[in-house]
Amino acid sequence: MSTWIWVAVVVLAVVALAAVAYVALQQQRRGRLRERFGPEYERMMAEHDNKRDVEQELLAREQRHAELDIRPLPEESRETYATRWTEVQERFVDAPGFAVTEADQLVTAVMAERGYPTENFEQRLSDLSVGHAATLDHYRKAHEISGRAARKEASTEELRQAMVHYRSLFEELLHETSRGR
């Protein structure tokens, strides 16, 4: 065989190995994102046509989250927030709509003290998705019910569900002691 044929065979082999390595790295990244973002990964994949765009968005979320100064709550703050949560739950009996609004505000206050930006809801979801993907859907549902409650369009049962949803994220935010998950 001539030298050119050997060169072509080697080049083809290198290209094939590079392609296999690229596919393996993509699958590894996809698996890591799926594990980290869980239900949020699945939700985004179902809502968007382009998997690559979704993965780029999730990687951007991770990068933004890494730049945030997320910190655990001091013990005194955790106790204060836990007491406030109990009071909000007690008010639910007499004023469920008001209690749901208070629960939303309390979750937002905990987020702010932990170091999460709280400017707008979509950004909160994005930032929370990195470390709290498992409870993110709870937060999304609670917020939706809270919006309907503000317009007097939610039943008492829906308001109760909102409180349960808020409590899931509230407890996770309250008791998390480390930055990453």
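Just so you know, all these numbers are worked out from the coordinates, no wet-lab data involved. Treat the numbers as computed from the prediction; the structure is a model and nothing was measured. Virtual Cβ from ideal backbone geometry, glycine too; neighbours counted across all protein chains shown.
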Of the residues that make up segment 68-78, is at least one assigned to a helix (DSSP H, G or I), within 18 Å of Tyr139 (Cβ to Cβ) and touching a helix residue (DSSP H, G or I) at 6+ places or on another chain (Cβ under 6 Å)?
no
Checked segment 1-28 for anything β-branched (Val, Ile, Thr) and either exposed (fewer than 10 other Cβ atoms within 10 Å of the Cβ) or touching a Lys or Arg at 6+ places or on another chain (Cβ under 7 Å) (or both); matches are Thr3, Ile5
I want to confirm something. Restricting to segment 86-134 and keeping residues that are surrounded by 20 or more Cβ atoms within 10 Å (Cβ to Cβ) and hydroxyl-bearing (Ser, Thr, Tyr), which single residue is farthest from the chain's Cα centre (by Cα)?
Tyr116
What is the number of the single condition among (1) surrounded by fewer than 16 Cβ atoms within 10 Å (Cβ to Cβ); (2) more than 17 Å from the chain's Cα centre (by Cα) that Arg71 does not meet?
(2)
Residue by residue through segment 1-53, note down the ones that are under 30 Å from Arg124 (Cβ atoms) and either hydrophobic (A, V, I, L, M, F, W, C) or not in a helix (DSSP H, G or I) (or both).
Leu33, Phe37, Gly38, Met44, Met45, Ala46, His48, Asp49, Asn50
